[in-house]
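Worksheet: one structure, shown below.
Please treat every number below as a calculation from the coordinates, not as lab data. This one's a predicted model, so the numbers in the text were calculated from it and none came from an experiment. Cβ sites come from the backbone with ideal geometry, for glycine too, and all protein chains shown count toward neighbours.
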Amino acid sequence: MAEASGTRLGSPPRYAPLVPTFSPYTADARSALRLAWRVLALASVTLLVLLVGGPLAYHAYVTSAIEPRSAEVTSIDGVVFIRKQGAREWGVAGPDVRVGPGDTLRTAGNARAFFQLFDNSTVLLYPSSTLRVMRAEQGRFRSERSTVVLELQNGRVRLGVAPHPDPGVSFVQLRTPAAEVHLTEGSYTADIGRDAMQVRVRRGEATAHVQPGFVTAATTGMTAAADSLPAVVGARAGQRLVARPDRAPAGNLPQRADLLENGYFTDKPAGLLGGWVQVDASEQEPAGVVSTSDVPGAVTFRRTGRGHGETLISQQLDADLWDYEKLVLSGDIRVLSHSLSGGGWAGTEYPLMLRVIYRDATGGKQPWYRGFYLQNEDGYPVVNGERLDSTDWRHVEVDLLALVPRPWRIERVEVVASGWDYASAVREVHLWAE
């Protein structure tokens, strides 16, 4: 029976495939067993990947899935323009226009725009400003995750960063040509001026990352490659940070800033007065003389003659005051002598005056001045004048925001000496803004 079946006694049974095969993997018992173990191992790995990788992949998707968010723009006053993502032309932002990722807003010289983001953060764009919404995203499944990236190209913006239940998963950044500024919950004002970018912190904390190539980029108009790590400066509540193209960035500065350049008269290139323009508007000879060498650290005005004479130094500002809560004009002044009594026949000729040309909320131009004199023997008018007790230095301060009508934009600040014979001086003059 054993021989008839082809199997000898005492020998292992011969492997017989269930079906005929020509594969080398199942041609014999060892190959078939090896293949079975491989299939089992592959199935085990696949099961492990599904059991572990599946939940991980689900968690990663739920965590990273985002949706863009938009906000409705409100024009407070004036004309606000918008350029939608991918468009080349600007359009007027109507009452139902929404701003979303990739859109850019631009305000006219007398306009302001306001919108509230999806996370309740607020944006107030001031006149003559351009702002682009680069990112405004919220987690699809985790609404507490949010990202807001705004780009201020020019002008000024007021940002209110709303509180988040988990600050670790929220990100708010303001980008400017000078720096990338990270903001925490709080209130901030960012301003791109003539020669600097600054961020004032009313509440919260701002951290600016300034690229080392900013000096080259700002002065040549080209993007410079950073050859070292970016500089990092910060500011807390009641402070400000500044990035300038000609010097290293500075942080933790007092919030009070001087809007005037060279207020201490220390910059005197080639006999001139850096930041200031010297003008003589005398109607008759001789002309008045402005000197930076008569009195150390001061600017003096002198004239000897008859008829109306006027000598001044002037600085053009064109600075809007929308976001300032305090504006103080201060200076150290001195009157040595003058022949014309008081403020002259019209009450406008003083041996020394501080004069400001500004625009009010209606856009009308308003002149303001404060005159200083030693004597008024002839009893001439002294409109907006103040008599000095001596020829010693005198410190004066004027709250400009208390003027009526209130200034909304400072165009020019002047230090003026006028009359017949006069000799006066100014040691410093500042326009402190907070």
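Figures for the structure shown
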| quantity | calculated |
| --- | --- |
| Expected 222 nm ellipticity per residue - DSSP helices of 4 or more, -39500 (n - 2.57), all of the chain, to 500 | -3500 deg cm²/dmol |
| Environment charge at Arg98 (Cβ cut-off 12 Å; Lys +1, Arg +1, Asp -1, Glu -1) | -1 |
| Cα-projected label distance for Asp77 with Ala248, points at 7 Å along beta-carbon direction, nm | 4.3 |
| Charge sum, other residues only, whose C-beta stays under 11 Å from Arg302's C-beta, Lys/Arg counted +1 and Asp/Glu -1 | -1 |
| For Met134, Met197, order by how many other beta-carbon atoms lie within 10 Å, fewest first | Met134, Met197 |
| Spin-label pair Asp360/Val383, simplified geometry with 7 Å Cα→Cβ offset, distance in nm | 1.5 |
| Cβ crowding within 10 Å averaged over residues, with 185-196, 278-289 ranked highest first | 185-196, 278-289 |
| With 20 Å bins from 0: P(r) over the chain, alpha-carbon pairs, percent | 20, 37, 21, 10, 6, 4, 2, 0 |
| Reach of Lys84 by Cα under 19 Å, taken over lysines that are not fewer than 8 positions away in the same chain | none |
| Backbone HN-Hα couplings from phi across the range 369-379 [Karplus 6.51/-1.76/1.60, Hz, Gly and Pro as x] | 8, 10, x, 10, 8, 9, 9, 9, 4, 8, x |
| Net +/- balance of residues flanking Val416 in space, Cβ distance below 9 Å, scoring K and R +1, D and E -1 | -1 |
| Additional length obtainable on full extension of the chain from Thr391 to Ala41, 0.36 nm per residue less Cα span | 115.9 nm |
